[in-house]
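Here is the structure we will look at, set down as structure tokens.
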């Protein structure tokens with residue numbers, strides 16, 4: 001597995017986690033738990049944005065990592 005495919009696989013996994021956290025935060029009734037899910041969701045969104053930016057840099061610096 002190449003670096004690019006590992007990074008893209010990680011990004012896809014994080015997006016799945018983000019979706020799961022969103023569902024949990026919507027379904028949760030207890031405010032404290034709901035707040036924890038929402039905070040985790042925000043952190044996950046930030047990580048996804050950082051990783052997407054890193055992928056862009058990686059693709060610019062190393063053309064062989066570009067997604068097809």
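The values are calculated or read from the model by the stated rules, or taken from the named source; none is laboratory data. Quick caveat, the model's predicted, so the values are computed rather than measured. All Cβ positions, glycine included, derive from the backbone under ideal geometry; neighbour counts span all protein chains shown.
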* Structure fact -> Pairing a residue in region 46-61 that is at positive phi and modelled with pLDDT under 85 with any residue that is exposed (fewer than 13 other Cβ atoms within 10 Å of the Cβ) and not in a helix (DSSP H, G or I), where Cβ atoms lie under 8 Å and the two sit 6 or more apart in sequence or on different chains, gives none
* Residues 26, 47: which one is assigned to a helix (DSSP H, G or I) and in contact with a helix residue (DSSP H, G or I) (Cβ under 8 Å, 6 or more places away or on another chain)? -> 47
* Asked: Name the pairs: first residue in region 7-34 and on the phi > 0 side of the Ramachandran plot and in contact (Cβ under 8 Å) with a residue 60 or more places away in the chain, second residue in a helix (DSSP H, G or I) and surrounded by 14 or more Cβ atoms within 10 Å (Cβ to Cβ), Cβ to Cβ under 8 Å, at least 6 apart or on different chains?
  -> none
* Structure fact -> Flagged in region 30-51 as surrounded by fewer than 13 Cβ atoms within 10 Å (Cβ to Cβ) and closer than 17 Å to residue 11 by Cβ, in numbering order, are 43, 46, 49, 50
